[in-house]
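A quick write-up on the structure given underneath.
Nothing in this text is a laboratory measurement; each read-out follows from the coordinates by a stated rule. Source: prediction; values computed, not measured. Glycine also receives a Cβ, built like all others from the backbone with ideal geometry; neighbour counts cover every protein chain displayed.
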Amino acid sequence: MRITFPYMGYYSPVFSNLFRKLGHDVVPPPKPSKRTLDLGTKYAPEFACLPLKILLGTYIETLEMGADAIVSSGGVGPCRAGYYTRLQEKILRSLGYDFTMYTVEPPKGHMMQLLKTLRAFVRVPVTKLFDAIVTTCLKLWYIDEIERLCHKIRPLEVKKGTSTRLMEQAVAEIDKAESYGDVRDVGRAFIKKFNEVEVEDRDPLKVGIIGEIYVVLEPSANFEVIENLNKMGVYAHRSIFLTDWVKENAFLDALRIQPEKEIRSQAKPYLNHAVGGHGENTIGETVRYAKSGYDGVIQLVPFTCIPEIVARSILPRVSRDLGIPVMSLILDEQTGLAGVLTRLEAFVDLLARRRMQSGELPA
């Protein structure tokens, strides 16, 4: 098979390497572009959310590049994302594409289906499979740790662009590492390099980033919101990282452990039942950011995303009760970079004025 998969930021090279180790040719998905979104928008239902359109456009591009199998994730609960691979498959087949769609469901409620899917496209012995999975998990973990450092250091770096260059170098070197030990050595070396970056001695504004998982994780879907905030001198803390999601949904859920119990308890005074996706997390993380002394929160909302729309209707109350400004940034094919930057700049100005009025030194 010639496998492709959804593009997702710095993680994409790691997944390409994983599928090669599982015995397949790989058609790496290109970074989503205007053409990607135009294709997805043209063939998707009008009121489908932004992630569906971006992924549909990505699949069209990669099928045109010669892919004959697509591997994507499913979902459990009321969020429509759990049905998106079926809808995308029907649309793509109606356009005349011949391929196989593999949907990797989370273990909770789908363990047998997950094992059946894995057996279908794993073409290597169990020992090689284990090595590939362990090495991939370590690569993802180091990418997340290094990206956390990048987000923390980039607003304060003396020589602008240093953190971004280090991040890109780290991903390239981690991708090339073949063994567990090599990945560990490369990861540790780049963590050391980040900790040696010269930074300014100041306390930056702190903003929490919450919302639907794909638009939070994929920079091209959110107009590089974290990097743009960093360039404004703001520390932006992302509430979701891929390794956290995998740990919670692939391991702890399988063991019937509730990993998100604490964050749900934070949301409970405002939202006391599941609404799908990351709706509860959006509320709970906002409460957590407020209690942790953050200056503000930005919610990333794909247009028509039901869980985030529910959360967005509750956030004004959370904001009033806890005294933390919240801005909801709605994203669809009509959203433009200029508008996003204008809103970010206005929000940062608001936060800076609030901090000064509170008697603290300006960031």
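Computed from label points 7 Å out along Cα-Cβ, the spacing between E64 and L322 is 4.4 nm. If I take R0 = 25 Å and measure r between the Cβ atoms of S313 and A274 in this structure, what FRET efficiency does the formula 1/(1 + (r/R0)^6) give, to the nearest 0.05? Working from the Cβ atoms, E equals 0.95.
Residue separation of Y83 and K247 scaled by 0.36 nm, minus their Cα-Cα distance, works out to 56.8 nm of gained length. A straight chain from R119 to D182 at 0.36 nm per residue would run longer than the Cα-Cα distance by 19.9 nm. Three semi-axes describe the equivalent ellipsoid of region 204-363; taken as square roots of 5 times the Cα gyration tensor eigenvalues and ordered largest first, they are 25, 19, 15 Å. In the chain, helical runs assigned H by DSSP with n ≥ 4 each contribute -39500 (n - 2.57); averaged across all residues and rounded to the nearest 500, the mean residue ellipticity at 222 nm is -16500 deg cm²/dmol.
Ranking A221, G233, Y180 by how far each Cα lies toward the positive end of the dipole of region 130-265 (charges on Cβ) leaves G233 at the top. Straight-line cross-link partners of K139 among the lysines, defined as a Cα under 18 Å from its Cα and at least 8 positions apart when in the same chain: K21, K128, K176, K192, K193, K247. For the chain, take the longest principal axis of its alpha carbons; what is the angle in degrees between that and the long axis of helix 180-195, to the nearest 10 within 0 to 90? Taking the Cα atoms of the chain, the angle to 180-195 is about 20 degrees. When only the Cβ of Lys, Arg, Asp and Glu is charged (+1, +1, -1, -1), the dipole of region 2-122 relative to its Cα centre reaches about 220 debye. Simple point charges give the picture: +1 on the Cβ of Lys and Arg, -1 on the Cβ of Asp and Glu, and for region 204-363 a dipole about the Cα centre of about 600 debye. Quick check: the angle from helix 12-21's long axis to the longest principal axis of the chain, C-alpha only, nearest 10 degrees? It works out to around 30 degrees.
When each of the peptides 134-145, 279-290 is scored by the mean number of other C-beta atoms lying within 10 Å of its residues, the order from highest to lowest reads 279-290, 134-145. Working note: Debye formula, equal point scatterers on the alpha-carbon atoms of region 2-122, no solvent; log10 I(q)/I(0) at q = 0.15, 0.17, 0.19, 0.22 Å⁻¹ is -0.66, -0.86, -1.09, -1.41. Mind pulling the angle between the C-alpha long axis of helix 306-322 and the longest principal axis of the chain? Nearest 10 degrees, somewhere in 0 to 90. Orientation of helix 306-322: about 20 degrees from the principal axis. When the Cα positions of I306, T4, I146 are compared along the charge dipole of the chain, I306 comes out farthest toward the positive end, with charges on each C-beta of Lys, Arg, Asp and Glu.
State the dimensionless ratio Rg/Rh of the chain (Rg: radius of gyration of Cα atoms; Rh: Kirkwood radius).
Rg divided by Rh gives 0.96.
Relative to the current alpha-carbon distance between Y97 and K231, full extension at 0.36 nm per residue lengthens the span by 44.0 nm. Region 115-161 to region 330-344: how many Å between their Cα centroids? Region 115-161 and region 330-344 have Cα centres spaced 30 Å from each other.
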